[in-house]
Amino acid sequence: MKISRRNFLWLSGAAITGSLAAKLGCAPPEEPEEPVVDPDVPVEEIVLEYAETSITTCPVCGVGCGVLCYVENGQIVAIEGDPDHPISEGTLCSKGMALYNMYYTYDEKGEAVQNPQRLTKPLYRAPNATDWEEVDWDWAIEEIAKRTKAVRDEYFKETNEDGLVANRCEALAWVGSAMCNNEENYLFRKFVAANGIVNMDHCARL
Ligand code: SF4
């Protein structure tokens, strides 16, 4: 098989992620530690066969590189650049390459453990409270919707000081996220515009 730069990266990545998954105890027992790669299989078809693939976006900066997350039994076993992504074409910078460590960190023995600082549930701090409490998603979404509507209804201005049509609410602001993809950002933009929200920004100014 002719080894191109891309083939080489794929094969190297498969070998590294395969042995890493085995180390983490995520690989099925019958799987060999080193993956067997059939040289006749096109490189695009080489995947971690036992893992599900989730396509996502790197959350770190505004470039929004495409990422493939390999998941086994609900746990991430490998992360790599998405070769089909139109912008990054499979590449990730050093921060993107380290995304795995947003999920895993290492204990005092050097073993990979789930990062305990990773938030997985919404937190709520009531007015004047000093502590955050865990709440469930249904409550959080309901509460956000209720309070957003209340503020919008109270402060929505149909006209400005000169009597001209304004249809805006200056009492609300929206901050986007680099963790969101194009489609999600499109919906967010529609949402804020439909609510007359004019104060909107994004950590990466997207
Ligand atoms: S991989 Fe690097 S350049 Fe791409 S979005 Fe992530 S941090 Fe930005």
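Can you tell me which residues in region 160-182 are among the polar types (S, T, N, Q), in a strand (DSSP E or B) and closer than 18 Å to ILE144 by Cβ?
None; the set is empty.
Sort through ASN101, ASN185 and tell me the only one that's surrounded by 15 or more Cβ atoms within 10 Å (Cβ to Cβ), among the polar types (S, T, N, Q) and not in a loop (DSSP other than H, G, I, E, B).
ASN185
Which condition breaks for ILE79 when tested against (1) in contact with a helix residue (DSSP H, G or I) (Cβ under 7 Å, 6 or more places away or on another chain); (2) in the same structural domain as ASN185 (by TED's automatic domain parsing)?
Just one mismatch for ILE79, condition (2).
Checking the structure you have, find out if any residue of region 61-75 is under 23 Å from VAL175 (Cβ atoms), part of a helix (DSSP H, G or I), of a type in the set (Gly, Ala, Ser) and near the ligand (Cβ under 8 Å from one of its atoms).
No: zero hits.
Would you check if VAL165 is more than 16 Å from the chain's Cα centre (by Cα) and touching a residue at least 12 places away in the same chain (Cβ under 8 Å)?
The answer is no for VAL165.
Answer with yes or no whether ALA150 is surrounded by 10 or more Cβ atoms within 10 Å (Cβ to Cβ) and either among the small types (Gly, Ala, Ser) or assigned to a strand (DSSP E or B) (or both).
Spelling it out, ALA150 is indeed surrounded by 10 or more Cβ atoms within 10 Å (Cβ to Cβ) and either among the small types (Gly, Ala, Ser) or assigned to a strand (DSSP E or B) (or both).
Inspect region 129-140 for any residue being charged (D, E, K, R), closer than 24 Å to ALA194 by Cα, loosely packed, with under 12 Cβ neighbours inside 10 Å and not assigned by TED's automatic domain parsing to the domain that holds VAL60 and give the result as yes or no.
Checked region 129-140: at least one residue is charged (D, E, K, R), closer than 24 Å to ALA194 by Cα, loosely packed, with under 12 Cβ neighbours inside 10 Å and not assigned by TED's automatic domain parsing to the domain that holds VAL60.
Looking at (1) over 22 Å from GLU184 (Cα atoms); (2) more than 15 Å from the chain's Cα centre (by Cα); (3) not in a loop (DSSP other than H, G, I, E, B), find the lone condition where ALA145 falls short.
Looking at each condition in turn, ALA145 falls short on (1).
If you take the residues in region 48-60 that are more than 8 Å from the ligand (Cβ to nearest atom) and assigned to a loop (DSSP other than H, G, I, E, B), which one is surrounded by the fewest Cβ atoms within 10 Å (Cβ to Cβ)?
My answer is GLU49.
Between GLY90, GLY96, which is part of a helix (DSSP H, G or I) and within 16 Å of the ligand (Cβ to nearest atom)?
GLY96
The values are calculated or read from the model by the stated rules, or taken from the named source; none is laboratory data. Source: prediction; values computed, not measured. Neighbour counts run over all protein chains shown; Cβ positions are idealised from the backbone, glycine included.
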